[in-house]
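Encoded as structure tokens, the structure appears first; notes follow it.
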Amino acid sequence: NIIKKYKLITVLVMSFIYIFVGLKHFTDPQYFVNITPPQIQHKIFVVYFTGVLEILGGLLILNKKTRMIGAYTLIFLLIVVFPANIYLYVSETPQQLLGISKTNALIRLPFQVPLIFIAYWHSKENHPKWVAYFSAIIFLPTIIYFLSI
């Protein structure tokens, strides 16, 4: 089935992206500290912790036996880091530090939803057809957007 083959490709792509970005938490932690809301204590710990979650989730979705745990780890991660995206939008400080506009920060906000949806699609083998088709359709524009930032 073409959707199952396509889904496997999306799993591989998302795994690579999550592992790559997770490693960036350790190679360039200041990038993530810059977008961590000021209310968050122990910023560097939070950056490393979310990096571990990202790498772990990316690795776990590679294996069918651990894919559900990996997908739910990524969904948890995407929800946990959402306040950083809000902070990036409402505060000029992280916008200036990252060199992005308020408009770009606003455009970035809703992309958490398709990422959560794609992770949910990856969480198990069979979903209703509409979930598979919707996820398959939103995958490409979501990835294109994130590769462009």
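Numbers for the structure displayed
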item	result
Surface accessible to a 1.4 Å probe, per residue, for the residues of region 78-121, Å²	52 Å²
Helix 112-122 axis, angle to the chain major axis (alpha carbon atoms, nearest 10°)	30 degrees
Cα-only radius of gyration and Dmax that characterise region 89-149, units Å	14.6, 44
0 to 90° range, to nearest 10: angle between helix 129-148 axis and the chain longest Cα axis	40 degrees
0 to 90° range, to nearest 10: angle between helix 67-80 axis and the chain longest Cα axis	30 degrees
Net charge contributed by nearby residues that have their C-beta within less than 15 Å of Ile3 (K/R +1, D/E -1)	+4
Span per principal axis, largest first, for the Cα atoms of the chain (Å)	48, 29, 21
Helical contribution to [θ] at 222 nm, DSSP H n ≥ 4, -39,500 (n - 2.57), averaged over the chain, rounded to 500	-25000 deg cm²/dmol
Where the Cα pairs of region 60-116 fall when distances are cut into 5 Å bins, in %	5, 19, 22, 17, 14, 10, 9, 5, 1
Of all accessible heavy-atom area on the chain, the percent that carbon and sulfur account for (1.4 Å)	73 percent
Count of lysine pairs in region 43-149 with Cα separation under 29 Å (8 or more residues apart, or interchain)	5
Alpha-carbon centroid distance for the pair region 95-127 / region 34-53, whole angstrom	18 Å
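The values are calculated or read from the model by the stated rules, or taken from the named source; none is laboratory data. The model shown is predicted, which means the values in this text are computed figures rather than measured ones. Methodologically, a virtual Cβ is constructed for each residue, glycine included, from the backbone with ideal geometry; neighbour enumeration extends over all protein chains shown. What goes into the accessible areas is simple: the full protein's heavy atoms, side chains included, and nothing from ligands, DNA or RNA. Shrake-Rupley method; radii C 1.70, N 1.55, O 1.52, S 1.80 Å.
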